[in-house]
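Written out below as structure tokens is the structure these notes cover.
A short reminder: the numbers here are calculations on the coordinates, not readings from a lab. What you see is a predicted model; the values in this text were computed from it and never measured. As a convention, Cβ positions derive from the backbone with ideal geometry for all residues, glycine included, and neighbour counts pool all protein chains shown.
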């Protein structure tokens with residue numbers, strides 16, 4: 001039978017039987033980003049919020065604070081198959097599921113009565129931080145997906161390897177994909193921090209402190 005085949009065809013057949021592994025199909029991807037409803041707290045004074053956030057430059061005081069917590073979940077389903085000859089296996093990812101969730105927590109200083117000018121100024125400012133986080137992550141999500149798709153494709157199939165090495169190969173594969181995701185999310189955080197800083201300037205604090213002249217300066221801490 002082999003005598004009737006050209007040399008390149010025979011080489012390809014032998015490679016499939018004994019050589020490097022190749023995934024039979026590309027992994028499927030399921031990516032989703034969502035945001036939970038903000039959780040509001042009104043139990044901290046302006047003084048306490050400043051301690052939570054840290055000192056800021058310029059006039060004015062902190063009337064609110066927002067913590068945009070980003071959660072991520074990565075799940076990879078893999079498959080393995082024995083080679084035609086021998087006891088070795090090939091291993092490759094078949095599906096990748098990624099969930100990124102934004103969970104905002106918003107504080108408004110406790111000394112500002114709900115509905116007051118000071119309360120409204122602080123509330124609007126903190127909700128701007130929530131919107132910036134939501135819009136930034138929504139904007140960057142497609143790029144994160146493309147990066148992971150390319151990374152998984154570049155990894156390809158692992159092996160050939162003995163059956164006893166499959167678990168270690170799975171962990172190695174998950175670790176490399178997780179590291180790529182972590183790097184992408186760190187870069188997203190840098191973009192987000194820069195955008196959030198644009199509305200947390202000395203000028204913004206000073207304008208907010210003067211926004212409610214009928215209620216005086218930010219009032220009792």
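Structure values in brief
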item	result
Peptide ranges 100-111, 187-198, 138-149 listed from the most packed, as the mean C-beta count within 10 angstrom indicates	100-111, 138-149, 187-198
FRET efficiency, residue 116 to residue 139 (Cβ-Cβ, R0 45 Å, nearest 0.05)	0.85
Rel. contact order, % - alpha carbon contacts under 8 angstrom, at least six apart, the chain	28 percent
Calculated FRET efficiency for the pair residue 20/residue 103, C-beta based, R₀ 45 Å, to 0.05	0.55
Column: log10 I(q)/I(0), Debye, Cα scatterers of the stretch 119-182, q = 0.28 Å⁻¹	-1.12
Potential lengthening between residue 30 and residue 168 on full extension [0.36 nm per residue; Cα-Cα distance subtracted]	47.2 nm
Label corresponding to Rg/Rh (Cα atoms, Kirkwood Rh) when calculated from the structure given, among [x] 0.96; [y] 1.26; [z] 1.19	[y]
Extension gain from residue 198 to residue 215, taking 0.36 nm per residue of separation minus the Cα-Cα distance	3.5 nm
Scattering profile of the stretch 66-173 at q = 0.16, 0.21 Å⁻¹ [log10 I(q)/I(0), Debye over alpha-carbon scatterers]	-0.82, -1.07
Over the stretch 30-113 - Rg/Rh using Cα atoms and the Kirkwood inverse-distance radius	1.40
Difference of contour (0.36 nm per residue) and Cα-Cα distance, residue 94 to residue 42	14.0 nm
For the stretch 107-221, radius of gyration divided by Kirkwood radius, i.e. Rg to Rh on alpha-carbons	1.29
Protection-proxy order for peptides 89-97, 36-44, 62-70, each taking the mean of Cβ atoms within 10 Å per residue, highest first	62-70, 89-97, 36-44
